[in-house]
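The values are calculated or read from the model by the stated rules, or taken from the named source; none is laboratory data. Everything quoted here is computed from the prediction, not taken from an experiment. With ideal geometry, Cβ positions are generated from the backbone for all residues, glycine too; neighbour counts draw on all protein chains shown.
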Amino acid sequence: MKRLLSAIAATAMAAAAHAQPWDGAITGKVGTIDVAQANNFAFRVSIGGQAMCTNGPSWAYVNATDANYKAYMSLIMLARSMDKPVVVFSTKDPNGFCQIGFVSMPG
């Protein structure tokens, strides 16, 4: 029963993510991971060198001050270590960079 409820919750969350006005929804295996000691672009990720949002760079970021920063980092690094694909949803910030807003690791 717990598995069924977890599956239903995961499906609902993924559906909600798809309903958002994302500028990018990129699926694939995590390529490069960059971590910087900075206030901007603290954790960056790329997937296959493709643009992470419309007319954006080939990487997306999340900052340490963003909500769920540790959860984003953990899931992305887990997917990388397990060699599993992820879906990274991002929005374009005012400077044209892609900011991570939702990450999903399909079953």
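List every residue pair whose Cβ atoms lie under 8 Å apart, where the two residues are 6 or more positions apart in sequence or sit on different chains, the first residue falls within the stretch 88-107 and is within 11 Å of W59 (Cβ to Cβ) and in contact (Cβ under 8 Å) with a residue 12 or more places away in the chain, and the second residue, located anywhere, is part of a loop (DSSP other than H, G, I, E, B) and of a type in the set (V, I, T).
V88/I47
Can you name the residue in the stretch 31-50 that is over 13 Å from the mean Cα position of the chain (by Cα) and hydrophobic (A, V, I, L, M, F, W, C) and, of all such residues, is modelled with the lowest pLDDT?
Per the stated criteria, the residue is A38.
Consider N63 against the criteria (1) surrounded by 12 or more Cβ atoms within 10 Å (Cβ to Cβ); (2) within 19 Å of G49 (Cα to Cα); (3) out of contact with any strand residue (DSSP E or B) (no Cβ under 7 Å at 6 or more places or on another chain): it satisfies all of them except one. Which criterion is unmet?
(2)
Could you pull out the residue among A15, A10 that is within 19 Å of M105 (Cβ to Cβ), modelled with pLDDT under 95 and surrounded by 14 or more Cβ atoms within 10 Å (Cβ to Cβ)? Steps first, answer last, please.
Values: A15 fails: surrounded by 14 or more Cβ atoms within 10 Å (Cβ to Cβ).
Going through A15, A10 in turn, the sole match is A10.
Given (1) surrounded by 13 or more Cβ atoms within 10 Å (Cβ to Cβ); (2) modelled with pLDDT under 90, identify the lone condition not met by R3.
R3 satisfies every listed condition except (1).
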